[in-house]
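Report on the structure given below.
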Amino acid sequence: MGISFSLLAVTVLILIAYSGVKFAGLHFFFGVVIPYIAIATFVIGIIYRVVKWGLSPVPFCIPTTCGQQESLPWIKQDKLENPSNTLGVIGRMALEVLFFRSLFRNLKFEVDVANPTEMKDESRVIYSSDKWLWLSGLIFHWSFLIIIVRHLRFFTEQVPSLMRLLENLDGWFQIGLPHFYVTNLVVLLSVTYLFIRRVIIPQVRYISLAADYFPLLLILGIAVTGILMRYFSRVDIVDVKILTIGLVSFRPVIPEGLGIIFYIHLFLVCTLFIYFPFSKLVHMAGVFMSPTRNLANNSRMQRYVNPWNYDVKIHTYSEYEEEFRGKMKKAGIPVEKG
Amino acid sequence: MDTKRADKTLNIDYRFPKTGWMDTPVEFKQGMFCHGSKPKDLEAVGFPNPREWSSKDKDWKLPANWKEIVLNGMKERLDKYRSFKLFMDICVRCGACADKCHFYIGTGDPKNMPVLRAELLRSVYRRYFTLSGKLFGKTAGARELTEDVIKEWWYYFYQCTECRRCSVFCPYGIDTAEITMIGRELLNLLGLNTNWIAGPVANCYKRGNHLGLEPHTYKSQIEFLLDEIDTLTGIKIEPTFNRKGAEIIFIAPSGDVFADPGTYTAMGYLMLFHELGLDYTWSTYASEGGNFGFFTSNEMGKRLNAKIYAEAKRLGVKWILGGECGHMWRVINQYMDTWNGPADFLEEPLSPITGTKFKNSKTTKFVHIAEFTADLIRHNKLKLDKNRNDNLKVTFHDSCNTSRGMGIFEEPRYIIKNVCNYFYEMPEDTTREKTFCCGSGSGLNATENMEIRMQGGFPRANAVKYVREKNGVNMLANICAIDRAAFPALMDYWVPGVGVTGVHELVANALVMNGEKERTTNLRSESLKLATESTEVTEKDKKQRH
Amino acid sequence: MYNGSKIIVGLIVFAGIVTFPFIYNLGKVNAKPEPKIDTPVIQQLKEKNCIESKEFMKANHMQLLNKWRDMVVRNGKRVYVNSKGEKYEISLQNTCLKCHSNKKEFCDECHNYMSVKTHCWNCHLESKG
């Protein structure tokens, strides 16, 4: 159900952009109004979400420790997996955010019998490294980032040299004209893999919601329209840049004769931007906020304060002694009041 | 193989139901859940809505405004815990956690996948706290809060041991333990607890320990252990109780004082401290290191924990030494000072024997006994005869809480390697931060839920079985009182012939005490001579060690 | 604890990155590229048509040039038949640059604007005009 719903949603989005431009002639709406709404929603939305999380405190120091703690001087601490200071936390977070450290640990468990869907008494469980999710996730995210950075050539008149370098690296194979970008292929492949695994791995299919399929299909739609536009149904990129530069310099213009595929691509991108802050995609910001990763395991060394800590009723020693004084004295346990 | 095991077949079906999880009603299976809490235990600590009820009944006698209580409770906790709010929002359902849970591996029940356990709560969060859930309902993964949902929560939040293994693998560090804790707090607001947790909480509150031992009983129980030590070594030990002016107060999980095989570990503490001439005292008021309140609500955890600092202050000790316990140490490491600190009336812990400053416990002033003993051994302060443990081929189980909520891995291993000749590691994907739970943590070690305990403990037992077959391992060491209480049954069930021990029992076996008579047995009165002969220690084995 | 200052710093960095294109273009006059087609040769033409339509050439000239290179260098074919059936000699120098002799005002105008490098001049000589 989630798949068909998401497929339908993406199809409807494409049709909206198509008919809006083709039949209703809403070039300005789809080329200028929607993009402004999208970028504003994205920025404000993410800030709103982060601030909302931030308004709830982290009452306890609860890092998930994945290595040896700081202990006696002769015991080697695992400073990245169990950091005890800010530097270590920065290192741990960098590994997490840039290289998906936790996902890299992924194991798969298999049952060593004829029918692996059932485990019997004599079965032995075997754990082995499973890096496919990590690999596909990592290359997907990195490709997506590179693609976004590459697109900055549409938004800067003098394209900064760093972006040009990135673009040259990405098009390094110099296949065809315009040059084929490695990231385009990688994004297509990795999104497809992520989609397929969601459908065929029973555990993942069982937990998947429409909100899991939709972003994948939306991103697939964005990638496909982008690739079509670059290699097959070509549009004049000078016109595209006139439009995009118009947007970012707040002097919007709609060039004549831009292909509809561009508007579809743009509309899907805008949808992604609008959808982003209000969906699971906010994990982009959330990963930085996760208390099991971004805290140092030093709460035995440094006091960690809970802002809403309140006094509680406890059973005091005097209440305890009051109840058991006789028995305590008899047993030779010292008491406060003779 | 044990013939008794024929009727204990594990037959797990990993195929998924045809219906989606929201449309698959919860089925209360025999042996998978604990008895419900009794009103007297809730009343003892002032918990809300105490009443007679049974989880097997159709009507759970929820208070009339139960829905309002739960939703307000969720709102309050969303505002109090960033972890809860964040973990409700950012899961992408990648499935990395799915097969990391010992309960999922052992039961094949999809709702035991950490992601789905969280979705049980998340679906209600979406329905009442997010716009998309209010608008799109089920399509957005939202569902109504009904009595059946409450029952499902109760069933599955007490099928999670808060072991945090899933959190190790989650790319965002989503910690199901946090979600289970919140889930249990919400249930507790409705008076829905388990007898096995609420009982010990009430005991601990009034009498100082989970078992409800009154002061004189607690003392006489330890005196019984002293007699055992006397028989074994000829040494009379006279520890003190509630003594003012001692340098150190020692806090152990009460399970060690009361039940085998934990008692041997307690004997180990007593023998070690005596040999060192340590100026320390036990307390009958703060006679519990463990904290079942932590399995109920944050507030109850704090209320039980408060006694430790209060007692340390009353007795005027300098610092606190803590015994081998799992969740006790998660609490000490990550909660105690925040709850009940600052412990500014204590001094920075310093070993009176070696002069080592325990810098990592600067603020809590609470030192783990494995840190303490490892430091002693490192400084050659103990006379150890490793051969006395030669009847044992030992493997070490990393307890969940000390692994993933603290990171104490090397200290116990260092000790074991110094007191045992034969030590073997289980496969690396089942140890250290990836360790598997005993299946009985967080208050699940009751008897009526033995089925889920055996199933949840299966992955751990399977790894023990591996080293048993490969290396002939016959002893499972650990630093957790719940492990010592839960593993004997698990080992008998899956890996018969493997015993369970605390690390300080092994220390005490090897510890050569001043003035002791020649030992003919170990702490368990097993003949050393006989045992050594029967285990066929060959030269090859000796080479293989470590 | 809230860690409010760290969150605020993070959000400022985030907003800075996302709004980078807007900030970058602040106060910049962004002239549209206007390739010039007023070379002497073009001015003398009666019908000012390129080998294909202007729209086609704008979007596809690079692919056409790529195809031409392959046709000549790899297959030895020197004749291009356009969509109207007219024949042209395949030659950058003698066909394209005959009219568009003003690389700076013609080619570079858009290529610089889009930051697209050409490979033409790796082999060919730039026209002096």
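Computed from the coordinates by the stated procedures, all read-outs in this text should not be read as laboratory data. Bear in mind the structure is a predicted one, so any value in this text is a computation, not a measurement. Glycine also receives a Cβ, built like all others from the backbone with ideal geometry; neighbour counts cover every protein chain displayed.
For the range B:68-119, the pair-distance distribution built from all alpha carbon pairs, in bins 10 Å wide starting at 0, is 24, 38, 30, 8 percent.
Seen from a random direction on average, the alpha-carbon convex hull of the range B:175-333 projects onto 9.6 square nanometres.
Distance from the Cα centroid of the range B:101-180 to that of the range C:61-129 is 63 Å (rounded to whole angstrom). Descending by average beta-carbon neighbour count within 10 Å, the peptides B:504-511, A:205-212, A:183-190, C:73-80 line up as B:504-511, A:205-212, A:183-190, C:73-80, the highest first. Here chain B is assigned +1 on the Cβ of each Lys and Arg and -1 on the Cβ of each Asp and Glu. Its dipole about the Cα centre then comes out at about 1180 debye. Extent along the principal axes, Cα only, for the range B:386-544: 44, 31, 30 Å, with the longest axis given first.
The charge dipole of the range B:203-378, taken about its Cα centre with unit charges on the Cβ atoms of Lys, Arg (+1), Asp and Glu (-1) only, comes to about 680 debye. By the rule of a C-alpha distance below 22 Å, with chain neighbours fewer than 8 residues away ignored, the lysines paired with C:K28 are A:K241. Placing +1 on the Cβ of every Lys and Arg and -1 on the Cβ of every Asp and Glu, with nothing else charged, gives chain C a dipole about its Cα centre of roughly 240 debye. Gyration tensor analysis over the Cα atoms of chain B returns equivalent ellipsoid semi-axes of 40, 28, 20 Å (largest first, whole Å). When the listed pairs B:K307/B:K365; A:K313/B:K313; B:K38/B:K85; C:K58/C:K104; A:K313/B:K151 are checked against a 22 Å cut-off, the alpha-carbon distance exceeds it for B:K38/B:K85; A:K313/B:K151.
Here the range B:232-292 is treated as a sphere whose radius is the Kirkwood value from Cα pairs; by Stokes-Einstein at 37 °C and 0.692 mPa s it diffuses with a coefficient of 268 µm²/s.
Among B:E228, B:E433, B:E288, the ranking by other beta carbons within 10 Å of each residue's beta carbon, starting with the fewest, stands as B:E228, B:E433, B:E288. Note on C:V73/A:S128: beta-carbon distance plugged into 1/(1 + (r/R0)^6) with R0 of 45 Å gives a FRET efficiency of 0.30. The rule of thumb for compact globular proteins, 2.2 N^0.38 Å, goes into the C-alpha radius of gyration of chain A 1.40 times.
Of C:K48/C:K84; A:K76/B:K357; B:K58/B:K80, which ones are farther than 24 Å apart at the Cα? Distance filter (> 24 Å) returns B:K58/B:K80. Phi angles of the range B:287-296 translate, via the Karplus equation with coefficients 6.51, -1.76, 1.60 and θ = phi - 60°, into HN-Hα couplings of 9, 9, x, x, 8, 6, x, 4, 8, 10 Hz per residue; Gly and Pro are given as x. Computed on the Cα atoms alone, the convex hull of the protein assembly as shown gives a volume of 206 cubic angstrom per residue. Taking a straight line from the alpha carbon of B:K219, these aspartates and glutamates sit under 12 Å away, with near neighbours fewer than eight places off in the same chain left out: B:E238. Structural size metrics of chain C, computed from C-alpha coordinates, are Rg and Dmax of 22.5, 79 Å. Ordered by the number of other Cβ atoms lying within 10 Å of each residue's own Cβ, fewest first, B:M271, B:M454 fall into the sequence B:M454, B:M271.
For the range A:136-224, the fraction of alpha-carbon pairs lying more than 18 Å apart is 52 percent, rounded to a whole number. The sum of -39500 (n - 2.57) across all DSSP H runs of n ≥ 4, divided by the residue count of chain B, sets its helix-only mean residue ellipticity at 222 nm to -13500 deg cm²/dmol. Computed over the range A:7-87, the convex hull of the alpha-carbon atoms projects to a mean area of 10.0 nm². Using a Gaussian network model of chain A in which every pair of alpha carbons under 10 angstrom is joined by a spring, one finds that among A:V43, A:V149, A:V305 the greatest mean-square fluctuation is at A:V305. Near the amide H of B:F241, within less than 5 Å, lie the amide hydrogens of B:W282, all on another chain or at least 5 residues away, with H placed in the peptide plane.
Bridgeable lysines around A:K131 (alpha carbons under 17 Å apart, same-chain partners fewer than 8 residues away excluded): A:K108, B:K100, B:K434. Relative to one another, the C-alpha centroids of the range A:126-160 and the range C:8-22 are positioned 20 Å apart. Out of A:S290, A:L217, A:V33, whose Cα points farthest toward the positive end of the dipole of the range A:2-307 (charges: +1 Lys, Arg; -1 Asp, Glu; placed on Cβ)? Farthest towards the positive pole: A:S290. Find how many whole Å separate the alpha carbon centroid of the range A:260-307 from the alpha carbon centroid of the range B:253-323. Centre-to-centre distance over Cα atoms comes out at 42 Å. All C-alpha pair distances within the range B:26-198, sorted into 5 Å bins from zero, spread as 1, 9, 17, 21, 21, 17, 10, 4, 1 percent across the bins. Relative to the longest principal axis of the Cα atoms of chain B, the long axis of helix B:114-129 makes an angle of roughly 40 degrees. Neighbour counts of C-beta atoms inside 10 Å place B:V257, A:V32 in the sequence A:V32, B:V257, starting with the fewest. Across the range A:46-57, coupling constants 3J(HN,Hα) worked out from phi with the 6.51/-1.76/1.60 Karplus curve, θ = phi - 60°, read 5, 4, 4, 5, 5, 4, 4, 5, x, 6, 8, x Hz, and Gly and Pro carry x. 3J(HN,Hα) along the range B:309-322, derived from phi through the Karplus expression 6.51 cos²θ - 1.76 cosθ + 1.60 where θ = phi - 60°, amounts to 5, 4, 5, 4, 5, 4, 7, x, 6, 8, 7, 10, 10, x Hz, with x in place of Gly and Pro.
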